[in-house]
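Chemist: One structure, as structure tokens, below. Some questions next.
The values are calculated or read from the model by the stated rules, or taken from the named source; none is laboratory data. Just so it is clear, the model here is predicted, and its values are computed rather than measured. So basically every Cβ, Gly included, is an ideal-geometry build from the backbone, and we count neighbours across all protein chains shown.
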Amino acid sequence: MGKDILRSEMLRSLNTLSQDEIQVLSFSVTNQIIKFLKMFPELTSQVGAGFLPLKAEIAPVYQELLHSAPVTLAYPISKDKLMSFAIPVGMPRGGIWLEKPYHEVAPDWFFVPGVAFGWDGKRLGRGKGFYDRYLEQSKAIKIGIAWSGQVIETIPVESHDCHMDFIITEKFCWDVKQQVKF
């Protein structure tokens, strides 16, 4: 199955979730992220990258996360039609891109949204390539954030597509390299 067909099917599945279901899933994902950060406490002293969720997108509940785990998070900004990251002054605001005021940074690790993820770390995004271009040469830890229904066996990828090191869903954390749930 090609990327466009799979993307369309997965987005259709995501769009069937109600706002209440998305909220419950997002709180559950946040609890898994807190568990993950307790297992990797060194990440809390680094700058991480979050994302501003689109419609029907499972995302961390940042107020809950920041209350439970002392992390500094940057969010995507648009810079010369490319993606970069910045730390907001105050709580993050914006649609896809963080609104000013902020200060630009280079995060050490990333929460990465996606339409679908494979058990082997492959990611299917929304087709614009922002994350793939930004993370292309990055050695930073990449953590896919998703609903468990978005983790599937096979993801068609191209050479430029970025791969995840971990995937976190409402039910589990998945270590791609070790191929284990925790």
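Chemist: Checking the structure you have, find out if any residue of the range 39-56 is without any contact (Cβ under 8 Å) to a residue 24 or more places away in the chain and among the aliphatic types (A, V, I, L, M).
Modeler: There is no residue in the range 39-56 that is without any contact (Cβ under 8 Å) to a residue 24 or more places away in the chain and among the aliphatic types (A, V, I, L, M).
Chemist: While we're on this one: Residue 182 fails exactly one of the following numbered conditions: (1) touching a Gly at 6+ places or on another chain (Cβ under 7 Å); (2) closer than 25 Å to residue 39 by Cα; (3) among the aromatic types (Phe, Trp, Tyr). What is the number of that condition?
Modeler: (1)
Chemist: Also, I was wondering about something else. Could you tell me whether residue 11 is surrounded by 11 or more Cβ atoms within 10 Å (Cβ to Cβ) and within 17 Å of residue 149 (Cα to Cα)?
Modeler: The answer is yes for residue 11.
Chemist: While we're on this one: Sort through 75, 62 and tell me the only one that's among the aromatic types (Phe, Trp, Tyr) and either surrounded by fewer than 21 Cβ atoms within 10 Å (Cβ to Cβ) or modelled with pLDDT under 95 (or both). Give the derivation first.
Modeler: Values: 75 fails: either surrounded by fewer than 21 Cβ atoms within 10 Å (Cβ to Cβ) or modelled with pLDDT under 95 (or both).
After ruling out the rest, the residue left standing is 62.
Chemist: Where in the range 1-95 are there strands (runs of 3 or more DSSP E), lying wholly inside it, with at least 2 residues that are over 19 Å from residue 117 (Cβ atoms) and among the small types (Gly, Ala, Ser)?
Modeler: Filter on the range 1-95 gives 72-79, 82-88.
Chemist: May I ask you to verify whether residue 50 is closer than 29 Å to residue 175 by Cβ, under 15 Å from the mean Cα position of the chain (by Cα) and not hydrophobic (A, V, I, L, M, F, W, C)? Talk me through it step by step, then tell me what you get.
Modeler: Numbers: closer than 29 Å to residue 175 by Cβ: yes; under 15 Å from the mean Cα position of the chain (by Cα): yes; not hydrophobic (A, V, I, L, M, F, W, C): yes.
Judged against the criteria, residue 50 is a match.
Chemist: From the list 180, 176, 157, which one is over 13 Å from the mean Cα position of the chain (by Cα) and free of Cβ contacts under 8 Å to residues at least 24 places away in the same chain? Steps first, please.
Modeler: Details: 176 fails: free of Cβ contacts under 8 Å to residues at least 24 places away in the same chain; 157 fails: free of Cβ contacts under 8 Å to residues at least 24 places away in the same chain.
Result: 180 is the single residue among 180, 176, 157 that is over 13 Å from the mean Cα position of the chain (by Cα) and free of Cβ contacts under 8 Å to residues at least 24 places away in the same chain.
Chemist: Still on this structure, please answer the following. On the given criteria, is residue 113 touching a residue at least 60 places away in the same chain (Cβ under 8 Å) and under 17 Å from residue 71 (Cα atoms)?
Modeler: Numbers: touching a residue at least 60 places away in the same chain (Cβ under 8 Å): yes; under 17 Å from residue 71 (Cα atoms): no.
Here the answer is no, as residue 113 does not meet what is asked.
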